1. Hey, residue 193 hits all of (1) touching a residue at least 40 places away in the same chain (Cβ under 8 Å); (2) of a type in the set (Phe, Trp, Tyr); (3) more than 16 Å from the ligand (Cβ to nearest atom) but one; which does it fall short on?
2. Which of the residues that make up the stretch 4-29 are more than 16 Å from the ligand (Cβ to nearest atom) and either of a type in the set (Gly, Ala, Ser) or farther than 25 Å from residue 69 by Cβ (or both)?
3. What pairs come out if I take residues in the stretch 87-114 that are closer than 14 Å to residue 131 by Cα and without any contact (Cβ under 8 Å) to a residue 60 or more places away in the chain and pair them with residues that are among the aromatic types (Phe, Trp, Tyr) and part of a strand (DSSP E or B) whose C-beta lies under 7 Å away, six or more apart or interchain?
4. Would a scan of the stretch 30-42 turn up a residue that is within 16 Å of the ligand (Cβ to nearest atom) and touching a His at 6+ places or on another chain (Cβ under 8 Å)?
5. Restricted to the stretch 204-243, and to residues that are of a type in the set (D, E, K, R) and more than 24 Å from residue 187 (Cβ to Cβ), which residue is nearest to the ligand (Cβ to nearest atom)?
6. Would you mind stating whether residue 220 is in contact (Cβ under 8 Å) with a residue 12 or more places away in the chain, more than 21 Å from residue 117 (Cα to Cα), in a helix (DSSP H, G or I) and not charged (D, E, K, R)?
7. For residues that are of a type outside the set (A, V, I, L, M, F, W, C), in a loop (DSSP other than H, G, I, E, B) and within 13 Å of the ligand (Cβ to nearest atom), scanning just the stretch 157-179, find the one that is surrounded by the fewest Cβ atoms within 10 Å (Cβ to Cβ).
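Bear in mind these aren't lab numbers, they're just calculated from the coordinates by the rules spelled out. Quick caveat, the model's predicted, so the values are computed rather than measured. As a convention, Cβ positions derive from the backbone with ideal geometry for all residues, glycine included, and neighbour counts pool all protein chains shown.
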Amino acid sequence: MSKKIFAANWKLNKTPEESREFVIQFKNQIFQNTNFFENREVIIFPQAYSLEALSSLCAGTQIGFGPQNVYCESSGAFTGENSAEVSKLLKSEFTLVGHSERREIFKETDDLINKKLQLLQKLELTPVFCIGETLSQREAGQTMKVCLDQMSKGLAGLNKARRLIVAYEPVWAIGTGKVATLDQVKEVHQALYQYLNENSYSDFQLLYGGSVKPENANELLSVAHVDGFLIGGASLKVDSFLKICLS
Ligand code: PGA
């Protein structure tokens, strides 16, 4: 059985010092639990300024980390962007790609997201690739079409044998406290699983994201093809993040 993945998306929160404190506290809390990582994988996505702090604190632990966004080129005249290659130098192994806030606020297109995914594969970094429908798309009955479209466009031309983590995050459930129902999660995860399977992806995991909390984590984890979570608000405090990891 593969490990459950608990990924923290801190968004534009926490100073490097606060990030450091979080990881120190988290490590202290799991220290007693010697088999914590036997069936769990933990990944933290801090803001870019905190990557260096996490790089030294996570070294030699099983806590993974990475940036929330990188550009599709490693270097050059791209003012304000983050380099995936530099994140790799900092020993990060993961990157968030295509989060709905990047798509909506920063107008990232499927094509740009695809280029970023191509670069990550070249650098042997594992993406946590986010997809999901808006409320109006769901109400118009377009959920499956939107999700599968984002998948096929984002993944075009990628090597299917490489590790891929997909996070299904209904946009209307992000930061709203409105979690998707178990049936809604089940329906989309089943379709994503089938898509990846039929298209010969051999190493993938599917996360759910959107208002995951300690109170709903257990039941969401019981849904077929939910291999873990991408957690925003509830990942900011050690206590609630740990409770979710232990669910
Ligand atoms: P949330 O955010 O858990 O606060 O809803 C999830 C995300 O944006 O990844």
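1. The one condition residue 193 does not meet is (1).
2. 19, 24, 25, 27, 28, 29
3. Short answer, once both residue conditions are applied: 97/129; 98/129.
4. no
5. Top of the filtered list is 237.
6. yes
7. 177
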